[in-house]
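Student: Would you mind keeping the following structure in view while I ask a few things?
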């Protein structure tokens with residue numbers, strides 16, 4: 001039978017030959033016993049929130065006549081959910097038949113790998129989320145067309161020499177393209193900022209405990 005996380009930490013340093021400090025076992029048991037379960041639980045709750053948000057946004061955009069935006073958001077969020085659900089499942093495959101230090105170290109490595117995978121996704125979905133919002137804003141219905149059509153019409157009436165590309169003023173296309181490119185370029189920083197908001201505290205605790213354990217083993 002596989003060991004529970006609690007039993008792993010009860011053994012603590014007892015399997016580590018270099019550590020002859022049993023007095024610190026209880027201290028690190030208290031600090032560490034639930035931290036991985038907390039991280040997994042928060043990760044799972046975040047995935048459920050993604051599903052709920054995807055469905056809710058699809059319904060809202062349907063009633064706002066912005067269904068294209070809703071569909072884009074829905075597909076992207078489901079994609080993010082499926083990839084991260086698979087990543088969460090891989091966390092259960094971490095060998096827990098080791099001492100607490102090795103198990104926590106392996107979980108920390110999994111977290112870093114999970115972040116790298118999500119950064120790859122973010123380089124795609126951040127720009128697409130932005131483009132979906134632009135499409136939604138352009139297609140927001142009015143009594144005489146849409147907001148986008150009205151804005152473009154007024155610009156062309158005032159500046160008739162404006163170059164038009166794909167039915168939009170050229171400077172609109174350039175601006176949208178630049179923002180889209182910037183979102184892809186800074187996806188790493190944006191995702192890490194988002195990650196720290198949700199998981200930063202727990203991540204810091206894991207890293208602090210690992211540093212303490214490593215220092216004691218030296």
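Student: Residues that are loosely packed, with under 15 Cβ neighbours inside 10 Å and either modelled with pLDDT of 90 or more or in contact with a strand residue (DSSP E or B) (Cβ under 7 Å, 6 or more places away or on another chain) (or both): list the helices (runs of 4 or more DSSP H) wholly contained in the range 1-103 that include at least 2 such residues. Quick ask: steps written out before the conclusion?
Tutor: Numbers: elements: 5-11, 25-32, 35-63, 67-91.
Once the helices (runs of 4 or more DSSP H) in the range 1-103 are filtered for at least 2 residues that are loosely packed, with under 15 Cβ neighbours inside 10 Å and either modelled with pLDDT of 90 or more or in contact with a strand residue (DSSP E or B) (Cβ under 7 Å, 6 or more places away or on another chain) (or both), what remains is 35-63, 67-91.
Student: Can you list residue pairs whose Cβ atoms sit under 7 Å apart, with the first residue in the range 27-55 being over 22 Å from residue 207 (Cβ atoms) and the second being outside any helix (DSSP H, G or I) and at pLDDT 90 or above? Count only pairs 6 or more apart in sequence or on different chains.
Tutor: Listed pairs, sorted by first residue: none to list.
Student: Does residue 125 satisfy the criteria of being in contact with a helix residue (DSSP H, G or I) (Cβ under 6 Å, 6 or more places away or on another chain), free of Cβ contacts under 8 Å to residues at least 60 places away in the same chain and part of a helix (DSSP H, G or I)? Give the steps one after another, and end with the answer.
Tutor: Details: in contact with a helix residue (DSSP H, G or I) (Cβ under 6 Å, 6 or more places away or on another chain): yes; free of Cβ contacts under 8 Å to residues at least 60 places away in the same chain: yes; part of a helix (DSSP H, G or I): yes.
Considered against the rule, which asks whether it is in contact with a helix residue (DSSP H, G or I) (Cβ under 6 Å, 6 or more places away or on another chain), free of Cβ contacts under 8 Å to residues at least 60 places away in the same chain and part of a helix (DSSP H, G or I), residue 125 comes out as yes.
The values are calculated or read from the model by the stated rules, or taken from the named source; none is laboratory data. If you're wondering where the values come from, they're calculated on a predicted model, not measured in any experiment. Cβ sites come from the backbone with ideal geometry, for glycine too, and all protein chains shown count toward neighbours.
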